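Asker: Here it is, the structure in full.
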Amino acid sequence: MTLPPSRPGTARTDAPSPLLSVRGLKTHFHTFGGVVKAVDGVDFDLAPGEILGLVGESGGGKSMIGFSIMGLIDAPGRIEAGEIRFEGQDLLTLDEAGMRKVRGKRIGMIFQDPMTALNPLYTIGNQLEEMLRLHTGLPAAARRARCIEMLRDVGISQPEERLGNYPHQFSGGMRQRVVIAIAMIAGPRLLIADEPTTALDVTIQAQLLRLMKRQVEQTRASLILITHDLAAVSQMADRVVVLYCGRIVERGPTSQLIRGPAHHYTRGLLDSIPHEDRSQRRLHQIPGSVPNIRKLPPGCAFAPRCRAAQPLCREVEPVLTEFAPGQAAACHFPLEAKL
Amino acid sequence: MLGYLLKRLIQMIVVLWAVSVLVFVMMSFTGDPTYMMVPLDATEEQIEQARRLLGLHDSHLVQYWRFLSSLAQGDFGRSFVFRQPAMQLILERLPATLEIVSLAMAFALVLAIPLGVYAGANPQRAGSRAVMAGSLVGISLPGFWLGMVLIFVFAVKLQFFPSSGRGPTQEWLGLRVSFLSWEGLRHLILPALTLSVGTLAILMRIIRAEMMEVMKQDFIKFARAKGTDRRGVLFKHGLKNALIPLITVFGLMLGDLIAFATLTETIFAWPGIGKLLVDSIYRGDRPVIVVYLMFVAFMFVVVNFIVDMLYALVDPRIKIK
Amino acid sequence: MNAVSSSVSRFAASEFFHNFRRNSSAILGSVIVAMFMAMITIGPWLVAQDPYDVAQLELMDSFKPPAWLDGGSSQYVLGTDGQGRDVLASIVYGSRISLFIGLAAMLGSCLLGTTLGLLAGFYGGRLDSLIMRIADIQLSFPSVLTALFLMSAFGTGVDKVLIALISVGWVVYARIVRGSTLREAQKEYVQAARVSGLPNRKIILRHVLPNVLTPLIVVATIQVGTFILIEASLSFLGVGVPITEPSLGLLIKNGFDVLFSGLWWISVFPGLFIMLIVFGINLLGDFLRDELNPRLK
């Protein structure tokens, strides 16, 4: 996987006015088996033009952050508390009609599975054009021209003819390109990509990541890349937020965090990435699995799986503490940072 | 495409042939039609002669062959009662039946689609539960009894509508129809409403179930993420997907309507093919019963064929081979 | 902590509420069905007269309206018909016939359909295609029409109604059972039983049959209601039960003739009772479907 290197200098964590600022977000699901705290007090900022990686294992609630920002949490889920400030406006105070003007137009979203995200009964031209009908006043001819241009941008050849095709006539990778085109066509300031390449072949994954990166750079939009793939994040993102059981366990600038993770969970994730230069070594795996999120243990949620866990870890929940510039971890016994 | 059409045509012929066998076998068991043909005071010789004329002395196989070849030649026999070709009787009364069946289907669709979409999109709301309870009542009540209650309330007591008959008809596209005049429409409303209730209830439940299934799909959430409004999500992205399975049951629904039209037409004295069938059963008018069944079977076969074509037309994923 | 406990109590309340709600329709369905069962078993001892014993009929009391209307008498709560027959008593006796036909025809259909489905699924080949072709052709015809046609050939009679209903009712079981038999026959325990030389009859009865029955319960429940309605339709058209054994449908037919004179109670009440029992059965069927097939919830 060779991606263009992260842009230096865009990681402006102290930028005066972030594009998006999430504070104390709690999204809970009230199921009959108990309350699932999918997102449990998450804070982060996103600068204009920045690419942020949200990383964690499956079932860690990271997708729910994306859906919370979009206002697409359905019963039994509910946003219990927090603030989602986007371009200075708290999205949680908007009503449904207000959110509809945000969705698609100001924030675009890319779904995990391109095989199911497109409506099977409409041509992709129709589904692409729907965005322009909803969010712009363009006349029909201009809409069509814009759709063709957009399809060409995302690398679909013969876009004029492809407009009239149905989703089932495309491969998975091509469908995801269409989904990216739909998400970007109305010119959103923020793109949320929820595991955008997980469902695709490995060979296509890098192409699509590069395409997304180029798209947000061209339009100076920001990108939240939600994934379990730390390797992809390391080549895409300016900054990384690592989540475990609905909480942030570590965050920091990408290169710094990759070189010197402070949290044992981040370390574990990094160790499980195959590397070319140490291909002979056995891959590490984090022992155990994500605990039952309905009954989290007291103290640090990662303690049961952590090699460095002490009695303190099982009793007192660690708070997120900054210990190097821009890098913070929620751990009583952090790994020594290699700066 | 041509191969598919040919295959379907052969299938249709096989089904019609099977129906002809069944009809013939059943009719051979229903006793002797000779007594329908002869006067009450007929002598033994006259009866014997009538029997010979009807060919009842031949073996069943020969009789069946004669039956089949006359069907193939377009000779569907003559009514014992009306003394005219049975097919002509059916065709004369067909427009009346088609009229109430179409109107009943229209009633059912117009009400079932919005109600089913509402109940499927908001399954927890009290309104949806009321819709579901109502549809269960609709399935549980005997349609003919509902028709009687409507007659009693709206025709006998309130006298809003006439209690029976078809009223005046006009020529429209070569058919005699009654919906063009106010008086004709007044005659039409109660029977069509009665007929539609069962279909309405079933359609509502099917649309609700399909909507519930469709609303869980990713593309619905993606449509919402695009900023589509509620109506667009429900009707553009949801309903069209929910209606595809409905097309497959359309043929069955139509069949049920034609079947229950026999009861509705009997109650309202509506001069359609359903009432003709019931009257013919009372009078033992065998040729008419036979032609009715063959005709209805033919109709169902054609409707099912059209439905399959429609299915391929609406769902781009299906290609006819 | 307060927030947690309040959300916990709210969750407990909602689960309780949910269960209650879901069960309440099932409870209603069971109550209705149980009341009908009670009515047809002990009802004959409770009603004023035996409507088929001519000696008990008073022609003087004919066409009495229900008790709460002018001219009604408390002796005949739901009024009387043209022969002075108590409408309620007729309904009690008619319900017996309607329910008997519904249940017996369901059992017959289930037996016939399951047998044919097992045979078709287990042996496959020509037998399978023959049975399934017949089923296909029959399904392309509405059941009411097929039953009506059969009855027009048979003539009236409870036994003939049963035959007609079973002739249209077996198909649904045959299709379901054939499908599950095909799946079940692939499984290892059936293969093992075959290899061990167990006779086919025993394999089918001991291993396959018990595993294909569950989905039939819902179909069978709802079919009782459907059969009651079809029987009522046939009897209303005069090709169902004979006048000596009037079902609820035949009672409606008898009342229809005098409806236009305003004597509504003779036909309206039997219809209400049909609706009630079929509604109760359908409520139960819906509940069973949700319980036995969680996917459809």
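Asker: Count, for each residue of A:29-36, the Cβ atoms from other chains sitting within 10 Å of its Cβ, then give me the mean as a whole number. The partial results should precede the final answer.
Answerer: Working: counts 0, 6, 2, 6, 2, 3, 5, 0.
Averaged over the peptide's residues, the number is 3.
Asker: Which entries in A:LYS62/B:LYS221; B:LYS216/B:LYS236; C:LYS160/C:LYS202; A:LYS295/B:LYS226; A:LYS26/B:LYS226 show an alpha-carbon gap greater than 26 Å? Walk me through the intermediate numbers first.
Answerer: Numbers: A:LYS62/B:LYS221 17 Å; B:LYS216/B:LYS236 15 Å; C:LYS160/C:LYS202 33 Å; A:LYS295/B:LYS226 35 Å; A:LYS26/B:LYS226 24 Å.
The pairs that break the limit, which is 26 Å between Cα atoms, are C:LYS160/C:LYS202; A:LYS295/B:LYS226.
Asker: Suppose every K and R has +1 on its Cβ and every D and E has -1 on its Cβ; what is the size of the dipole of segment A:20-237 about the Cα centre, in Debye to the nearest 20?
Answerer: On the way: 24 positive and 24 negative charges, 119 e Å.
For segment A:20-237, the charge dipole is close to 580 debye.
Asker: Ranked from highest to lowest mean number of other Cβ atoms within 10 Å per residue, what is the order of the peptides B:64-77, B:120-133? Numbers along the way, then the final one.
Answerer: Numbers: B:64-77: 13.6, B:120-133: 15.6.
Order by mean packing, descending: B:120-133, B:64-77.
Asker: Loop-only trypsin sites (Lys or Arg not before Pro) in segment B:176-235, please: DSSP not H, G, I, E or B, and at most 10 other Cβ atoms within 10 Å.
Answerer: Values: sites: B:ARG176, B:ARG186, B:ARG205, B:ARG208, B:LYS216, B:LYS221, B:ARG224, B:LYS226, B:ARG230, B:ARG231; in loops: B:LYS216, B:LYS226.
Hits after loop and neighbour filter: B:LYS216.
Asker: Below 8 Å between Cα atoms, with a sequence gap of 6+, how large is the relative contact order for chain B in percent? Spell out each step's value before the answer.
Answerer: Working: 352 pairs, mean separation 82.7, N = 321.
After rounding, I find 26 percent.
Asker: Per-residue Cβ counts within 10 Å, from other chains only, averaged over C:29-37: what number is that? Don't skip to the answer; put the middle values down first.
Answerer: On the way: counts 1, 0, 0, 0, 0, 0, 0, 0, 0.
Mean shielding by partner chains, rounded to a whole number: 0.
Asker: Please identify every one of the trypsin sites (Lys or Arg not before Pro) in segment A:213-242 that sits in a loop by DSSP and has no more than 15 other beta carbons within 10 Å of its own beta carbon.
Answerer: Numbers: sites: A:LYS213, A:ARG214, A:ARG220, A:ARG239; in loops: A:ARG220.
Of the trypsin sites (Lys or Arg not before Pro), the ones in loops of segment A:213-242 whose Cβ has at most 15 other Cβ atoms within 10 Å are A:ARG220.
Asker: Identify all aspartates and glutamates with a Cα-Cα distance to A:LYS37 below 14 Å; exclude those on the same chain that are fewer than 8 residues away in sequence.
Answerer: List returned: A:GLU80.
Asker: Let me ask you something else. Sort B:HIS237, C:HIS207, B:HIS57 from largest to smallest accessible area, using a 1.4 Å probe on the heavy atoms of the protein chains. Don't skip to the end; give the middle numbers.
Answerer: Details: B:HIS237 5, C:HIS207 50, B:HIS57 105 Å².
Ranked from most to least accessible, the order is B:HIS57, C:HIS207, B:HIS237.
Asker: For chain C, take the longest principal axis of its alpha carbons; what is the angle in degrees between that and the long axis of helix C:158-186, to the nearest 10 within 0 to 90?
Answerer: It is inclined by approximately 20 degrees.
Asker: Can I ask one more? Rounded to the nearest 5, what is the percent of antiparallel bridges among the DSSP beta bridges in the protein assembly as shown? Mind dumping the intermediate values first?
Answerer: Numbers: 36 of 55 bridges.
Rounded to the nearest five, the antiparallel share is 65 percent.
Asker: For chain A, what is the relative contact order in percent, using Cα pairs closer than 8 Å and at least 6 residues apart in sequence? Mind showing how you got there, number by number?
Answerer: Working: 634 pairs, mean separation 71.0, N = 339.
Relative CO of chain A lands at 21 percent.
Asker: Another question, if that's okay. Please give, to one decimal in nm, the separation of the simple spin-label points placed at B:TYR4 and A:ALA141, each 7 Å out from Cα toward the Cβ.
Answerer: My value for the distance between the label points is 3.7 nm.
Asker: Calculate the spin-label point distance for C:ASP70 paired with B:VAL25, positioning each point 7 Å from the Cα along the beta-carbon direction, and give it in nanometres.
Answerer: Simple spin-label model gives 6.1 nm for this pair.
Asker: Just tell me, in residue order, which DSSP H segments of chain A are both 24 angstrom or longer along the helix axis (alpha-carbon based) and at least -1.0 in mean Kyte-Doolittle hydropathy.
Answerer: Membrane-span-like by this rule: A:202-219.
Asker: Give the carbon-plus-sulfur fraction of the accessible surface of chain B in %, rounded to a whole number; probe 1.4 Å, heavy atoms of protein chains only. Write out the running numbers ahead of the final one.
Answerer: Numbers: 10200 of 15160 Å².
Within chain B, the accessible surface is 67 percent carbon and sulfur.
Asker: Looking only at segment A:20-237, where both bridge partners belong to it, what percent of the DSSP beta bridges are antiparallel (to the nearest 5)?
Answerer: So the antiparallel bridges amount to about 55 percent of the total.
Asker: Please compute the per residue accessible area over segment A:20-237 with all protein chains in place, 1.4 Å probe, rounded to a whole number of Å². It would help to have the intermediate numbers written out before the result.
Answerer: Details: 7610 Å² over 218 residues.
That works out to 35 Å² for each residue.
Asker: Leaving ligands, DNA and RNA out of it, work out the accessible area of A:ARG314 with a 1.4 Å probe and give it in Å² to the nearest 10.
Answerer: The value for A:ARG314 is about 120 Å².
Asker: Something else: Longest segment of chain A with no GluC sites (Glu not before Pro) in a DSSP loop having at most 10 other Cβ atoms within 10 Å?
Answerer: By the stated rule (loop sites, at most 10 other Cβ atoms within 10 Å), A:1-275.
Asker: Near A:ARG305, within a Cβ-to-Cβ distance under 14 Å, what is the net charge of the other residues, with Lys and Arg +1 and Asp and Glu -1? Walk me through the intermediate numbers first.
Answerer: Details: positive: A:ARG267, A:ARG307, A:ARG314; negative: A:GLU57, A:ASP271.
Once all neighbours under 14 Å are counted, the net charge is +1.
Asker: Exposed loop sites here are chymotrypsin sites (Phe, Trp or Tyr not before Pro) in DSSP loop states with at most 15 other C-beta atoms within 10 Å. What is the longest stretch of chain C lacking them?
Answerer: Values: sites that count: C:TYR52, C:TRP68, C:PHE260.
By the stated rule (loop sites, at most 15 other Cβ atoms within 10 Å), C:69-259.
Asker: Another question, then. What does the extension gain come out to for B:VAL307 and B:LEU111, with contour length at 0.36 nm per residue minus their alpha carbon separation? Let's see the in-between values first.
Answerer: On the way: separation 196, 0.36 × 196 = 70.56 nm, distance 2.14 nm.
Difference between extended and current length: 68.4 nm.
Asker: With +1 on each Lys and Arg Cβ and -1 on each Asp and Glu Cβ, and nothing else charged, work out how big the dipole of the protein assembly as shown is about its Cα centre, in Debye to the nearest 20. Working shown, then result.
Answerer: On the way: 91 positive and 74 negative charges, 633 e Å.
Its charge dipole is roughly 3040 debye.
Asker: Turning to a different aspect of this structure: How many square angstrom of accessible surface are buried between C and B, both sides summed, with a 1.4 Å probe and rounding to 100?
Answerer: On the way: alone 15990 and 18240 Å², together 30490 Å².
Using a 1.4 Å probe on protein heavy atoms, the buried area is about 3700 Å².
Asker: Also: For segment C:160-225, state which trypsin sites (Lys or Arg not before Pro) are in a DSSP loop and have at most 15 other beta carbons lying within 10 Å of their beta carbon. Can you show the working numbers first?
Answerer: On the way: sites: C:LYS160, C:ARG175, C:ARG178, C:ARG183, C:LYS187, C:ARG194, C:ARG201, C:LYS202, C:ARG206; in loops: C:LYS187.
When the trypsin sites (Lys or Arg not before Pro) of segment C:160-225 are filtered for loop state and at most 15 Cβ neighbours within 10 Å, C:LYS187 remain.
Asker: If you don't mind, there's one more thing I want to ask. By the scheme Lys and Arg +1, Asp and Glu -1, what is the net charge of all other residues having a beta-carbon under 10 Å from that of C:SER267?
Answerer: On the way: positive: C:LYS253; negative: C:ASP81, C:ASP257.
For residues surrounding C:SER267, the net value is -1.
Asker: Moving on. Within 10 Å of each Cβ in peptide C:132-142, how many partner chain Cβ atoms are there on average? Round it to a whole number, please.
Answerer: Numbers: counts 0, 3, 2, 0, 3, 7, 2, 2, 11, 9, 12.
Partner-chain Cβ atoms within 10 Å, mean over residues of C:132-142: 5.
Asker: With labels modelled as points extended 7 Å from the Cα through the Cβ direction, what inter-label distance (nm, one decimal) is found for B:ALA269 paired with A:SER289?
Answerer: The answer from the label model is 7.4 nm.
The values are calculated or read from the model by the stated rules, or taken from the named source; none is laboratory data. Values in this document were obtained by computation on a predicted structure and should not be read as measured data. So basically every Cβ, Gly included, is an ideal-geometry build from the backbone, and we count neighbours across all protein chains shown. Note: areas computed on protein heavy atoms with side chains; ligands, DNA, RNA excluded. Shrake-Rupley method; radii C 1.70, N 1.55, O 1.52, S 1.80 Å.
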